[in-house]
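Peer 1: Structure below; questions to follow.
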Amino acid sequence: MTDNKRRTFLKGSLAAGTVGVAVGAGLLAPRAVMAAWPKAAFEANDFGAAISGVAGSSDATDSGDVKIKAPDIAENGAVVPITVSTSLPNVESITILSANNNTPLSASFNLSASAEGFVSTRIKMGKTSDVVAVVKSGGKLFKSSKNVKVTIGGCGG
């Protein structure tokens, strides 16, 4: 019984030592795995460029099928709860923007074909602004907006 434990310990030590040498020699290197994201859209300073960067177009139609739930007055702009839902079929993505932020794009969600058109998150707002939800459904863009008054600026105000 003792020989089996010793053999297992020696095999494990040998394997760990081999991996350590391979990492030290540069034969095995950890790689960063990151999701693809629209960097230009998140860095855009104007509203139209932010929508175009995410959805490919800034031509969105106002729709009553896109619902935004947000507070009328946000007491702290650093944490503003937002919920977007839609009854549109074949929702591909939901994007949330704050028109008066330095970088308007707050969040973008890509949804699978079987997902329900619903997202809930918290965004940061620097000042009173319209919060706009853009839904991509069937290759077309639909939007809705709601004005949210910020009493304490979350972006340094």
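The values are calculated or read from the model by the stated rules, or taken from the named source; none is laboratory data. These numbers were taken from a predicted model, which means no experiment stands behind them. Every residue, glycine as well, gets a Cβ built from its backbone with ideal geometry; the counts of neighbours run over all protein chains shown.
Peer 1: Among the residues of region 101-124, which ones are farther than 20 Å from Ala40 by Cα and hydrophobic (A, V, I, L, M, F, W, C)?
Peer 2: Result: Leu111, Ala113, Ala115, Phe118, Val119.
Peer 1: Select from region 111-127 the residues that are outside any strand (DSSP E or B) and either charged (D, E, K, R) or buried (at least 16 other Cβ atoms within 10 Å of the Cβ) (or both) and list them in ascending order.
Peer 2: Residues satisfying the conditions are Leu111, Glu116, Gly117, Lys124, Met125, Gly126, Lys127.
Peer 1: Evaluate the following for Ser106: is it polar (S, T, N, Q), surrounded by fewer than 14 Cβ atoms within 10 Å (Cβ to Cβ), modelled with pLDDT of 90 or more and on the phi < 0 side of the Ramachandran plot?
Peer 2: no
Peer 1: Regarding Arg7, is this residue modelled with pLDDT under 80 and of a type in the set (D, E, K, R)?
Peer 2: So Arg7 does not fit the description; no.
Peer 1: Quick check on region 42-51. Is at least one of its residues touching a residue at least 24 places away in the same chain (Cβ under 8 Å), outside any helix (DSSP H, G or I) and aromatic (Phe, Trp, Tyr)?
Peer 2: no
Peer 1: Moving to a separate point now. If you go through region 79-91, how many residues are surrounded by fewer than 19 Cβ atoms within 10 Å (Cβ to Cβ) and either of a type in the set (Asp, Glu) or closer than 15 Å to Gly139 by Cβ (or both)?
Peer 2: 3
Peer 1: Suppose the filter is of a type in the set (A, V, I, L, M, F, W, C), at pLDDT below 90 and surrounded by 14 or more Cβ atoms within 10 Å (Cβ to Cβ); does Val54 pass it?
Peer 2: yes
Peer 1: Can you report the number of residues in region 91-110 which are in contact with a Lys or Arg (Cβ under 9 Å, 6 or more places away or on another chain) and in a loop (DSSP other than H, G, I, E, B)?
Peer 2: 2
Peer 1: Does Pro81 meet the test of being assigned to a loop (DSSP other than H, G, I, E, B) and in contact with a Pro (Cβ under 9 Å, 6 or more places away or on another chain)?
Peer 2: Spelling it out, it is not the case that Pro81 is assigned to a loop (DSSP other than H, G, I, E, B) and in contact with a Pro (Cβ under 9 Å, 6 or more places away or on another chain).
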